[in-house]
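None of the figures in this text is laboratory data; all of them are computed from the coordinates on show. Quantities reported herein were computed from a predicted structural model and do not represent experimental measurements. Cβ placement follows ideal geometry from the backbone for every residue including glycine, while neighbour counts extend to all protein chains displayed.
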Amino acid sequence: MSDWKKAVPLISLASAALALALFNALEWVHLMPGVQAAKEAAIVDSAFGNVIFITVIIFSVVVAAILYMVVFFRAGPGQEEGARFDASPGKMVEVVWLAASCVLTFGLAAYGSEEFLHLRHDSRADLDVQVKAAQWSWEFFYPSQNVNAAELILPLGKRARISITSEDVVHSFWVPAFRLKQDALPGRVTTLYVTPTVKGEYDVVCAELCGLDHSVMRGKVLVVDPEEFEGKLKGEAW
Ligand SMILES: [Cu+2]
């Protein structure tokens, strides 16, 4: 049964069943870390979801094709070899597979770049915060208010420009709830933009191995109502 006329419907059916099972299984697994607390997080999550969707489809087709070959190309009892693959329709398979891979690779690169620029192209912001990373803590400075704070306080719905630098080694400023991560480099300022959409308290994590206490280099983000912002900032100031 090494005949492609039979293989195509069988592989398609098996792929569809496998993909359906995997999509159902993924409903139960939370792949993303907790709340989606910023406008940017929604962009990142939808890109992640789309890539997972394509990955599940390709994985299912590959596994179904492998299963088909294992079953139908197997050597029978007393045989040295299994059924031979007929090379003429095989060329067609190669052409389709290569073309699809090229379209997918370049398509995903274009999609990723477009979404990445979408997160960073607009340099307008409602407020500025400067973040300084050091072994092993985070420090936040608000230039307009001339205030230093131990926690990152952000007003809900306002677009913040976060300028990040490091005093010593390379760190990485990561807020899982915002799905944003940016290296903190000594002698250079890097920038992130974030518009928080859910009030609450979230973690700031260092995502770059930066020495002995890297794993405890944590901070807090507080997303508060815009009316509470100034008061909260004064309360936190030191
Ligand atoms: Cu660090």
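Some observations on this one:
- Mean separation of Cα contacts under 8 Å (6+ apart) over length of the chain, as relative contact order %: 20 percent
- Degrees separating the helix 4-28 axis from the principal Cα axis of the chain, which is the longest one: 30 degrees
- Solvent-free Debye scattering, log10 I(q)/I(0), computed from the Cα coordinates of region 182-233 at q = 0.25, 0.26 Å⁻¹: -1.07, -1.09
- Highest average packing first - 112-121, 59-68, 38-47, Cβ atoms within 10 Å: 38-47, 59-68, 112-121
- Acute angle (nearest 10 degrees) that the helix 87-120 long axis makes with the longest principal axis of the chain, alpha-carbon atoms: 10 degrees
- Kirkwood hydrodynamic radius of region 1-46, Cα pairs, Å: 13.6 Å
- Against the main long axis of the alpha-carbon atoms of the chain, helix 39-72 sits at an angle near 20°.
- Looking at region 76-210, the pairs of alpha carbons with a distance over 25 Å make up 47% of the total.
- Given charges at Cβ of Lys, Arg, Asp, Glu: region 1-107 dipole, positive-most of S101, P9, A38: P9
- Helical content alone sets the calculated 222 nm signal of the chain at -15500 deg cm²/dmol, taking -39,500 (n - 2.57) per DSSP H segment of four or more residues and averaging over every residue.
- Placed amide H near V147: partners under 5 Å, 5+ positions off or other chain: Y142
- Pairs of Lys residues in the chain, spaced 8 or more positions apart or belonging to different chains, with C-alpha separations under 29 angstrom: 29 in total.
- Under a model in which nothing but the beta-carbon of Lys, Arg (+1) and Asp, Glu (-1) is charged, the chain shows a dipole of about 500 debye around its Cα centre.
- Counting only DSSP beta bridges with both residues in the chain, the antiparallel share comes to about 70 percent.
- Interchain or long-range residues, amide H under 5 Å from I153's placed H: L222
- Looking at region 127-236, the DSSP beta bridges with both ends there are about 70 percent antiparallel.
- Remark: R188, R179, R84 ranked as R84, R188, R179, counting other beta-carbon atoms within 10 Å and listing the fewest first.
- Dimensionless Rg/Rh of the chain - Kirkwood Rh, Rg from C-alpha atoms: 1.18
- Scanning residues 5 or more positions from V204 or on other chains, those with amide H under 5 Å from its amide H are G219, K220, V221, with H placed 1.01 Å from N in the peptide plane.
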